[in-house]
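Down below is the structure, laid out as structure tokens.
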Ligand code: 13P
Ligand code: SF4
């Protein structure tokens, strides 16, 4: 665990403002129950009455502390519903959160997501204090490639542009020409006007892009440990058991899964598809918590849940978010020289998608 260094580079005002605070009383009193009732009404279909007495005091404490610390919480679509709906200030997919990070005016960003997302927020808004509730919240895709690997690819494929998925470290982004997310990968690849493009590190995203464009795609061998588990057989079995089922897949899924899906898109693309089409029954072939989050907003749709959880996303809890705000711990730093080049890759993407 790393604490904010209150002795270096910060003025007296910051030291005062970011000094550790005492842990609040987390009792579920009748007054608190009454105050929090409207919020519970919103999430009652996805948060059980047994869980609420535990969550409600934490939610109240976090929302009070956000004001005290002048902080915002950026919550990825894979957060559990008590985080996503009850303490998140902005919710979205990787691209939306990166853009939102750049617009934050408050002093502190709490990234309710994984480490590469927190690094991206830091790149987009370097003067802010970016905290991640758990430093170990990684990503199998980000782990699959290093900056040295990208340097070797440059030598092996001279003149071929390199597009990096946002699920990579800032050090990897710094070695690439442009970033992409699952919502814009095809557009980014085509914007380069090159006959061949390296799309790293997700092999399956690269394969999906290759089906959508005439540009020749060269892939790396990274995989998302959550999405690679889905199989076409599992989906066919679900379709037989649930007549009329619509199947919506994330492009990190294996190609045979995407082939049998009704729609493929980023996490927000999937959410929008459900909101626009109001299917009677749907299966979101992605991280499991997202179904609960969408169910709050689309109560008439029945969600069939293939429960694959991302162990990294699930490291983020209300307790750890509260600790971030109390102790201002786990600050995310990016080396300034790396940050400069990594930011260029992210900004090129953002400018193309605006
Ligand atoms: P999105 O950009 O679609 O939110 O995906 C991020 C991610 O980690 C999916 O596994
Ligand atoms: Fe990484 Fe997969 Fe988890 Fe997304 S779901 S953060 S790609 S391991």
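Each eigenvalue of the Cα gyration tensor of region 248-310, multiplied by 5 and square-rooted, gives one semi-axis; in descending order these are 18, 13, 10 Å. Label reach from residue 23 (point 7 Å along Cα→C-beta): in region 281-325, amide nitrogens under 18 Å belong to 317-325.
Calculated on C-alpha atoms, the gyration radius of the chain divided by its Kirkwood radius gives an Rg/Rh of 0.98. The three principal axes of the C-alpha atoms in region 243-354 carry coordinate ranges of 53, 37, 26 Å, sorted with the longest axis first. Please label the shape of region 50-99 as rounded, prolate or oblate, based on the square roots a ≥ b ≥ c of the eigenvalues of the alpha-carbon gyration tensor (a/c under 1.5 means rounded; beyond that, a/b larger than b/c means prolate, else oblate). Because a/c hits 1.5 or more and a/b fails to exceed b/c, region 50-99 counts as oblate.
Output the antiparallel fraction of DSSP beta bridges having both residues in the chain, as a percent to the nearest 5.
5 percent
Each of residue 353 and residue 40 was given a label point 7 Å from its Cα along the Cα-to-Cβ line. The distance between the two points is 3.8 nm. Sorting the Cα pairs of region 125-188 by distance into bins of 10 Å, from 0 upward, gives 19, 43, 31, 7, 0 percent per bin.
Semi-axes of the equivalent ellipsoid of region 117-157 are 27, 15, 6 Å, computed as sqrt(5λ) over the eigenvalues of the C-alpha gyration tensor in descending order. Each peptide among 21-34, 316-329 gets the average number of other Cβ atoms lying within 10 Å of its residues, and from highest to lowest they stand as 316-329, 21-34. Counted residue by residue at 0.36 nm each, then reduced by the alpha carbon distance between them, the extension gain from residue 152 to residue 278 reaches 40.7 nm.
Scoring 297-308, 142-153 by mean Cβ neighbours within 10 Å over their residues and listing the highest first yields 142-153, 297-308. In terms of packing, defined here as the mean over residues of other Cβ atoms within 10 angstrom, the peptides 168-181, 222-235, 44-57 line up highest first as 168-181, 222-235, 44-57.
Relative to the globular-protein estimate of 2.2 N^0.38 Å, the Cα radius of gyration of region 90-175 stands at 1.18. Secondary-structure-derived ellipticity at 222 nm for the chain, considering helices only, amounts to -13000 deg cm²/dmol, per-run term -39500 (n - 2.57) for DSSP H runs with n ≥ 4. Taking square-rooted eigenvalues a ≥ b ≥ c of the alpha carbon gyration tensor, is region 116-267 rounded, prolate or oblate, where a/c under 1.5 means rounded and, failing that, a/b exceeding b/c means prolate? Oblate is the answer for region 116-267, as a/c is 1.5 or above yet b/c matches or exceeds a/b. With coordinates expressed along the principal axes, the C-alpha atoms belonging to region 15-78 extend over 41, 30, 16 Å, beginning with the largest. By the gyration tensor of its Cα atoms, with a ≥ b ≥ c the square roots of the eigenvalues, what is the shape of region 187-236: rounded for a/c under 1.5, prolate for a/b over b/c, or oblate? Verdict is prolate for region 187-236. In region 159-227, the inverse of the mean reciprocal separation of distinct Cα atoms equals 11.8 Å; this is its Kirkwood hydrodynamic radius.
Since every read-out is calculated from the coordinates, none of them should be taken as a lab result. Worth saying up front: this structure is predicted, and the values here are computed from it rather than measured. Neighbour counts are summed over all protein chains in view; Cβ atoms, including those assigned to glycine, are modelled from backbone coordinates with ideal geometry.
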